[in-house]
Structures are given as structure tokens and as C-alpha cells.
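Heads up, the thing below is written out as C-alpha cells.
The values are calculated or read from the model by the stated rules, or taken from the named source; none is laboratory data. Every value quoted in this text rests on a predicted model; they were computed, and no experiment measured them. All Cβ positions, glycine included, derive from the backbone under ideal geometry; neighbour counts span all protein chains shown.
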């Protein structure tokens, strides 16, 4: 049987499962709708005139589904979103919304709206010229939502979205790195807004965005907080830090935001009937890998595997002329900004069935199996 015929059979089986109201067997995830930035972008930026792209080698060198060719993922292999979808039984990687092939029944497996450079605020990432902000990503989901109605009919569509789909949000890092902390573009805002005022603005916008997804029938959410952005190879390189040092200000801003995000998740769980918001403590998860990297089989948590410039290869993004490490599975960071697939696997594992300090009030497996 050729691959096209096999894919068709999988689609038919999936459609029948949706039609009879079952879950596709064995607690399989119906769909994964992914929102966020370059940490989970699966190729949307390939279809934008933007300075933020990962469609060149050696990005994707370990991504088996493409035979090691770049797909627009900002890592050497799978993103956290890819790994989580696989582990939860999703039949197909969530396709990028902007890909012309993301049409018809394939959207019932999920759609990826994430965009490198995107943020909660619409002004975030202007330095890249084009990117999809969170507001635009939700606009695009609204289009998908109407397409699902046409595919399944209103009643089955609502059931598919509410009961069988998980909405994953990984956003916020760029709002600091490529907005508030970028003097060229944000000097005016930083003069007029204190860090707390800026964080409050972010939380207010995110509250509205998540509520809007709820109004479009989203009920199962996983919300990631901002990681230790002061510890990425780029920050360590430009600030000429020692291996075990991180830049204080970005991490302090992330922690201020994360504290208020945790409160927001609790409020939304209390105030939106039928919704289940899971909080992913990405900051502590990644900090654990950085601090105790050798315990997890890594040899470095400071140097980018693929990059150029400075002590930690942290200035020039990954591309054909970059230095490339031979032991990719031994690096926490793939490039100056993004984790390697090996790190993504460990992060995803904790979100799927991990410690409550990393994922609460339930794991992603529990969220998937929740009967609303």
C-alpha cells in the first residue's frame, strides 16, 4: 500500500471515529491547536516575508518526518508541540495554518498557528518585519472553526472542539526579548511603562485572548509560562558571562510575568464554566535542565549546537555557514535561542505525566482523558 492510500485510510478511520462520537480509540487526542512563537512554530513563517525563518539547513536535521530537511521548525528535530501530540495519540502533526495544504479533513487533527517573532502584544517582533501576533493567530483559528462546522456540522464540530481538542499556548518570551528589552523599538514604552505596568498589560491582553478562544468553544488549555530567557546562549554571549551565570533582568521580568500568569490561570479556571486550564511551569523545567544538565546526559547548557559568534556561539542564528556540533543530543540549546530536540523531549515528558510543580492542576494525559 502506498503512503497516499495509507494516509487516506487513516483519515477515513478518524472521520468515522469523530462521526460516532468516540475518541478514536485508546484515549487518542482528537486535535491539537497550537498557538505561540518560534518555540512551537511548525513552518508558518515559511509563508511570510519575514526576517525570522528556520527554513534553511541545518535546522530540522533530525526531523524524521521530513527526512532531515528544514520545515521551518526552530530546532534540530521536533518541537514540544510535536512531541506532546505524538505521545497523546494525535494521528498527524498539526499543520501550519498558512501552508496551502492545511485544508479539508487534515484540520481535524489540529492546526499550528505559531509564528517565530510573535507575541501577546501586536507590536512585539516588529524588528522581523512580519510575524503573526496572538491576536492574528486567534483570527486564523476563527477561520478554522468555521471550516470545522462545514466539515462536521455544528453539533459534531462543537463536540470535537470542546471534548477532543487541546489548545496549547506558548507565548510571551518575545514580548520581553523583542519588545520591552529592545531599546531601538521600545524606548518610548519603557520610559512610560514600569516593568509591572508592562506585565499587567501583557496579562490583560492574554486574558482577553484566552477568553476569546473559550468563546470559540475551546475548553482544554495548556498555558506555558516564559522560560529563563536570561540564560539563553544569546544573552550569555552578548553579556560575556561565565557558564553558570544568567542575565538577571530578563529572568526577573519573566518571573514577574510568570507569577501573574499563574494567578490568571487560576482565575480563568474559576470564572469560565467548563474550561480546564493547565499551567506549564516551563521556567523551572528549563532552569532544572540548565542547572543540572549533566544529570540528564547533556555536556553543555550554555553553548548553542548551531550558531556563530562569541564564547557560546550565541550571536548569529543557525544557518548553512554556522558551526555545527557533532553531539546534538548532548546540547540543551540547539541555537542561540531555542532548545534542542533532546531538551524538548524531556520538557514534554514532564508536561505529559510530570511533577505537579511543573504541570498543574493536572497532567496533559489527564487533560486529554477528561470527559467534559
Worksheet item: With 264, 285, 268, 255 as the choices, which residue is within 19 Å of residue 38 (Cβ to Cβ), touching a helix residue (DSSP H, G or I) at 6+ places or on another chain (Cβ under 8 Å), at pLDDT 95 or above and assigned to a helix (DSSP H, G or I)?
Response: 285
Worksheet item: Only one of these conditions is not met by residue 22: (1) touching a helix residue (DSSP H, G or I) at 6+ places or on another chain (Cβ under 7 Å); (2) at pLDDT below 95. Which number is it?
Response: (1)
Item to complete: Could you list, in sequence order, all residues of the stretch 55-85 that are buried (at least 20 other Cβ atoms within 10 Å of the Cβ), touching a helix residue (DSSP H, G or I) at 6+ places or on another chain (Cβ under 7 Å) and in a loop (DSSP other than H, G, I, E, B)?
Response: 60, 72, 75, 76, 77, 78, 79
Item to complete: Go through the residues of the stretch 106-120 one by one and say whether even a single one is modelled with pLDDT of 95 or more, farther than 18 Å from residue 168 by Cβ, in contact with a helix residue (DSSP H, G or I) (Cβ under 6 Å, 6 or more places away or on another chain) and buried (at least 22 other Cβ atoms within 10 Å of the Cβ).
Response: yes
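Would you check if there is a residue in the stretch 125-132 being surrounded by 24 or more Cβ atoms within 10 Å (Cβ to Cβ) and at pLDDT 95 or above?
yes
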Worksheet, complete the sentence: Residue set 125, 172; condition touching a residue at least 24 places away in the same chain (Cβ under 8 Å) and within 14 Å of residue 257 (Cα to Cα); output residue 172
Worksheet item: Can you pull out the residues in the stretch 297-323 that are over 18 Å from residue 235 (Cα atoms), surrounded by fewer than 17 Cβ atoms within 10 Å (Cβ to Cβ) and touching a helix residue (DSSP H, G or I) at 6+ places or on another chain (Cβ under 6 Å)?
Response: 299
Worksheet entry | Matching option when the condition is modelled with pLDDT of 95 or more, in a helix (DSSP H, G or I) and either in contact with a strand residue (DSSP E or B) (Cβ under 8 Å, 6 or more places away or on another chain) or under 25 Å from residue 348 (Cα atoms) (or both), among 203, 148 | 203
Item to complete: Test each condition in (1) at positive phi; (2) under 21 Å from the mean Cα position of the chain (by Cα) for residue 335 and report the one that comes out false.
Response: (1)
Fill in: Residues that are closer than 15 Å to residue 207 by Cβ and surrounded by 21 or more Cβ atoms within 10 Å (Cβ to Cβ), drawn from the stretch 266-289
277, 279
Discussion item. I'd like to check something: does the stretch 161-171 contain any residue that is surrounded by 18 or more Cβ atoms within 10 Å (Cβ to Cβ), more than 20 Å from the chain's Cα centre (by Cα) and under 30 Å from residue 304 (Cβ atoms)?
Written reply: no
Worksheet entry | Among residues of the stretch 305-327, those that are farther than 15 Å from residue 60 by Cα and in contact (Cβ under 8 Å) with a residue 40 or more places away in the chain, counted | 7
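Does residue 178 qualify as being at pLDDT below 95 and not in a helix (DSSP H, G or I)? First the steps, then the outcome.
Values: at pLDDT below 95: yes; not in a helix (DSSP H, G or I): no.
Considered against the rule, which asks whether it is at pLDDT below 95 and not in a helix (DSSP H, G or I), residue 178 comes out as no.
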